[in-house]
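Undergrad: My structure is below; once you've seen it, I'll send some questions.
All of the numbers you see were taken from the coordinates with simple rules; none came from a lab. Please read these numbers as outputs of a predicted model, since none were measured by experiment. Please note: Cβ atoms are built from the backbone with ideal geometry, for glycine as well, and neighbour counts cover all protein chains shown.
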Amino acid sequence: MRQWIATLSTNIPVALIALRTNLMRSILTTLGVMIGVLAVILAVAIGEGAKVSVSDSINSLGSNMALVFPQPENQGGRRTTDRGRLTERDAIAIQRLVPGVSDIAPQLRNSVQIVVAGRNANTAAMGVTPGYARVSNLNTEIGRFITDADVRTAARVVILGPTVAGKLFGSFDPIGQELRINRVPMKVVGVLEAKGSSFGNDNDDVAIMPLSTARQRFASSAPQGPDDLHVLSVGFEDGVDLGVAKQRIKTVLRERNRVSPGEVDPFSVRTTEEFMKETGQVTAILQAVLVGIASISLLVGGIGIMNIMLVSVTERTREIGLRMALGAKRRDIRNQFLVEAAVLCTIGGAIGLVLAAILSRVIANLGEFPVPVGAQTSILAILFSAVIGLAFGSYPAIRASRLSPIEALRSE
Amino acid sequence: MKTKPKMANKPLLQARDLVKDYVIGGEVVHAVNGVDLTIQAGEFVAIMGASGSGKSTFMNIAGCLDTPTTGQLLLDGVDTGLLDSDALADIRNRKIGFVFQQFNLLARTSALDNVAVPLIYRGISTGERRAKAGAALENLGLADRLSHTPAKLSGGQQQRVAIARALVTDPLMLLADEPTGALDSQTSEDIMGVFQSLNDQGITVLLVTHEAEIAQYAGRRIVFRDGKLIEDAAVADRRRKR
């Protein structure tokens, strides 16, 4: 160890002098490693950012919940049995029979056209109950959400997502305004807080109304029964095992649908945990591909280092011979060139790291997308560039150390 | 400079039936072909000969840059033919100081750092290296040129820096290969004066030259031809720097 420190403390100044002597060449060579390190760090950071962004998106759906969808049994496009309906009674049964349920949020969904004062907007209408706000972590920016009374009376009230509110009202306060949804007059009572988009979907492009209102007035593609649902969100208390909860929900629904063992379930249940896992796999693959491509540029940078070190050894053959005559052992010569390559790469890596940190900020600002360059990544990048230097510098360094002192001294 | 007592009659360098063969284009060339020679500690020997006479090959072996094909070379009692490259490097570092025709200083490196280079390979700390290098330069009259790079020094000054570098390790022997070959006659005389005064202080000097005039500064002259020693005699009319 002490010997290594001594080697470094003598060889680093020698390396710096050599690199300064051919400053332009050193800079151009470093460029390769710099771009390589820059690419790898950005690839890692973008991958990390994608992970964060995806898990944020999933959390914005509601962190601890399951989504239940009906899956009617179809044959030739026609419904053949009464099975595969999801009803409000099913929702109540789930709330009653599955432990750990905090809220249920039965939903009807429809696409609608909203018109007000000559402006119009096409959006997704959702008929919900007050529980939906809790399950989906929704808050109103201004006004209020759906109440139990709204649901009981099928009130003609609507809460707009910020995107829709902006399209229809611009900067005016929409609260209390009348508008027409598919020609039905409704009153705006609230505007949601912005949630941003997830998976390319604008979560703010939505109009929310009471479940009963949606059922009575916008039943264009409503399911057949009087209390059928399109989707049921089930929220769970903290610490509930979602895998177990999912099985409980399935058991309840199988019994209610009289599904015998071996038959395909006429419904599907997905948990946020499953979404996380699946999208996590996708982003991991994305990151691996990005890092793989970026690594190629680092490899090319490393080959550039090897090339320049070979040139440098040839140019400095006489110096090598002199150093050998003055008592340098083969390993001294080898170490000198190894340190030189490592210093070159480390400087390149450090510059690449700084550029990556700056660029990641720029990308994060442009893309509304986090691109974190962490301390761990930074240290790894610097170490990795030094290793690149040592790896690609070793062939030239060993070649230098194998020179015959006499022939090296004689060279011009 | 340390004054070493003359160690007369102690052989420093002994060549015994020394042979060095090279294979060039499939043919064996006897560059040195059976040389017997003893050089005592404290001698000043000029080695002469035309190019291809074997004098350079002999110098390489004497300087531990190369080893003989057959025969023996004993330096300070050690048979160099038995040593590996690391041990040879160590001997070059500790026992031999090289001075070259083209000075061979590192460009863009100060005189002080140039002189300190051999000490790097001895694992001496930076501070001590600089102190020793400074002292060596001072002894050669370059105390005010420590931070000058070779480009800012005259030829004679560069060769003095090179001599300081050769001396900084306190070697037993200086090997000077055409040390005045790149210098004008006045400067050559100065440099030869430096070698003479070092020799007076007890350092053995081996000087390779093809100039008879330069050889006259030495105390003994040996001449190579076709790989063999053809002349070995004391210099009769030895020159002294005025």
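Undergrad: Averaging sequence separations of C-alpha pairs under 8 Å and six or more residues apart, then dividing by the length of chain A, give the relative contact order as a whole percent.
TA: This gives 28 percent for chain A.
Undergrad: Rounding to the nearest 20 debye, state how big the charge dipole of segment B:114-226 is about its Cα centre with +1 on each Lys and Arg Cβ and -1 on each Asp and Glu Cβ.
TA: Using Cβ point charges on Lys, Arg, Asp and Glu, segment B:114-226 gives about 480 debye.
Undergrad: I need the calculated FRET efficiency for the pair B:A182 and A:I379, taking r as the beta carbon distance and R₀ as 56 Å, to the nearest 0.05.
TA: 0.65
Undergrad: Mind checking the mean number of beta-carbon atoms from other chains within 10 Å of the Cβ atoms in B:120-129?
TA: Taking the mean over all residues of the peptide, I get 4.
Undergrad: Can you give the net charge of the other residues whose Cβ lies under 14 Å from the Cβ of B:P150, counting K and R as +1 and D and E as -1?
TA: +4
Undergrad: Please give the peptides A:35-48, A:284-297 ranked by average Cβ packing (other Cβ atoms within 10 Å per residue), highest first, as a rough proxy for protection.
TA: Descending packing order for the listed peptides: A:35-48, A:284-297.
Undergrad: For a protection proxy built on the mean count of beta-carbon atoms within 10 angstrom, sort A:110-116, B:155-161, A:185-191 highest first, please.
TA: For the peptides A:110-116, B:155-161, A:185-191, the packing ranking is B:155-161, A:185-191, A:110-116.
Undergrad: Here's something else I'd like to know. Of the DSSP beta bridges with both residues in chain A, give the percent that are antiparallel, rounding to the nearest 5. Don't skip to the answer; put the middle values down first.
TA: Numbers: 40 of 49 bridges.
Taking every DSSP beta bridge with both residues in chain A, the antiparallel ones total about 80 percent.
Undergrad: Using alpha carbons only, how many degrees (0 to 90, rounded to 10) separate the axis of helix B:155-167 from the longest principal axis of chain B?
TA: 70
Undergrad: Sequence neighbours fewer than 8 away in the same chain don't count; with that in mind, list the lysines whose C-alpha is under 16 Å from B:K10.
TA: B:K95
Undergrad: Please give the calculated 222 nm ellipticity per residue for the protein assembly as shown, where each DSSP H segment of at least 4 residues contributes -39500 (n - 2.57) and the sum is spread over every residue; nearest 500 deg cm²/dmol?
TA: Only helices count here, giving -15500 deg cm²/dmol.
Undergrad: Using the Karplus curve 6.51 cos²θ - 1.76 cosθ + 1.60 with θ = phi - 60°, what ³J(HN,Hα) values do you get for each residue of segment A:327-339, in whole Hz, with x for Gly and Pro?
TA: Each residue's phi maps through the Karplus curve to give x, 5, 7, 4, 5, 5, 5, 4, 4, 4, 6, 5, 4 Hz.
Undergrad: When DSSP beta bridges are limited to those with both residues in chain B, what percentage is antiparallel, rounded to the nearest 5?
TA: 60
Undergrad: For the cross-link pairs A:K51/A:K246; A:K167/A:K246; A:K329/B:K20, which exceed 30 Å when the distance is taken from alpha carbon to alpha carbon?
TA: A:K167/A:K246
Undergrad: Over the residues of segment A:293-407, compute the C-alpha Rg and express it relative to 2.2 N^0.38 Å.
TA: Details: Rg = 18.1 Å, N = 115, 2.2 N^0.38 = 13.4 Å.
For segment A:293-407, the normalised Cα radius of gyration is 1.35.
Undergrad: Then there's this: Please tell me the relative contact order of chain B in percent, rounded to the nearest whole number, where contacts are Cα pairs under 8 Å and at least six residues apart.
TA: Over chain B, the number comes to 28 percent.
Undergrad: Return the sequence-ordered ³J(HN,Hα) values of segment A:236-249 in whole Hz as given by the Karplus equation 6.51 cos²θ - 1.76 cosθ + 1.60 applied to θ = phi - 60°, using x for Gly and Pro.
TA: 10, 5, 4, x, 7, 6, 5, x, 5, 4, 4, 5, 4, 4
Undergrad: Using the alpha-carbon atoms, what tilt in degrees (0 to 90, nearest 10) does helix A:23-61 show relative to the longest principal axis of chain A?
TA: 20
Undergrad: Put +1 on the Cβ of every Lys and Arg and -1 on every Asp and Glu Cβ in the protein assembly as shown; which of A:V311, B:Y22, A:S102 then has its Cα farthest towards the positive end of the dipole?
TA: A:S102
Undergrad: Oh, and also: So how tilted is helix B:185-200 from the main axis of chain B? Cα-based, degrees 0 to 90, rounded to 10.
TA: 80
Undergrad: On to the next question. Taking 0.36 nm per residue of sequence separation and subtracting the Cα-Cα distance, how much length would be gained by fully extending the chain between A:N137 and A:R20, in nm to one decimal? It would help to have the intermediate numbers written out before the result.
TA: On the way: separation 117, 0.36 × 117 = 42.12 nm, distance 5.94 nm.
Here the segment from A:N137 to A:R20 would lengthen by 36.2 nm.
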